[in-house]
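Comments concern the structure below.
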Amino acid sequence: MLQSRDFTSGKLVVVLTADEDDTSADNRVLTSVLTPALSHQVVDVPLTHYSLTRFIAQVLGVSIDELFHADDADDSDDLGGAAPEPAAAADLA
């Protein structure tokens, strides 16, 4: 998958989440975002489902609406061209 044309061109973002809830109030969840647009960056601010979705849309260079309706487009293989520079960690929370 990481060698695919979609991934190497920036059209595919892979999100891996390891949620081993220990039932504590401060349950921390490891989430790794794989994209050619990022390299060795760590975000230490809390991410929500909304901020992660916004980040994925930024990386793909599409609006959130386009992200959820990509199949409705005339050419679903084209999600908006090259990926933009990743957002600063402060912009993700």
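The values are calculated or read from the model by the stated rules, or taken from the named source; none is laboratory data. Every value quoted in this text rests on a predicted model; they were computed, and no experiment measured them. Here the Cβ is made from the backbone with ideal geometry for all residues, glycine too, and neighbour counts use every protein chain on show. Heads up: the accessible areas ignore ligands, DNA and RNA and are worked out on the full protein's heavy atoms, side chains in. Shrake-Rupley method; radii C 1.70, N 1.55, O 1.52, S 1.80 Å.
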For region 51-63, enumerate the residues that are under 11 Å from the mean Cα position of the chain (by Cα) and free of Cβ contacts under 8 Å to residues at least 12 places away in the same chain. Ala57
Could you list all residues from region 38-57 that are under 17 Å from Thr8 (Cα atoms) and touching a Leu at 6+ places or on another chain (Cβ under 9 Å)? Ile56, Ala57
Is there a residue being buried (at least 16 other Cβ atoms within 10 Å of the Cβ), over 11 Å from the mean Cα position of the chain (by Cα) and either among the acidic types (Asp, Glu) or modelled with pLDDT of 65 or more (or both) anywhere in region 72-88? no
I'm trying to understand the selection: among the residues of region 60-71, which are surrounded by 15 or more Cβ atoms within 10 Å (Cβ to Cβ) and either among the small types (Gly, Ala, Ser) or in a loop (DSSP other than H, G, I, E, B) (or both)? Gly61, Val62, Ala70
Out of (1) under 28 Å from Gln3 (Cβ atoms); (2) part of a helix (DSSP H, G or I), the odd one out for Ser51 is which? (1)
Go through region 41-59 and give me each residue that's at pLDDT 80 or above and open to solvent by less than 50 Å² (accessible area, probe 1.4 Å). Ser51, Leu52, Thr53, Phe55, Ile56, Ala57
Taking the residues in region 11-28 that are touching a Leu at 6+ places or on another chain (Cβ under 9 Å) and surrounded by 10 or more Cβ atoms within 10 Å (Cβ to Cβ) as candidates, determine which candidate is farthest from Gly61 (Cα to Cα). Thr17
Of everything in region 29-40 that's open to solvent by 40 Å² or more (accessible area, probe 1.4 Å) and not in a loop (DSSP other than H, G, I, E, B), which residue is farthest from Phe7 (Cα to Cα)? Leu30
Looking at region 1-35 only, could you name the residues that are at positive phi and in contact (Cβ under 8 Å) with a residue 60 or more places away in the chain? Gly10
Residues that are modelled with pLDDT of 80 or more and more than 12 Å from the chain's Cα centre (by Cα): does region 32-39 have at least one? yes
Would it be correct to say that Asp26 is at pLDDT below 85, over 16 Å from the mean Cα position of the chain (by Cα) and outside any loop (DSSP other than H, G, I, E, B)? no
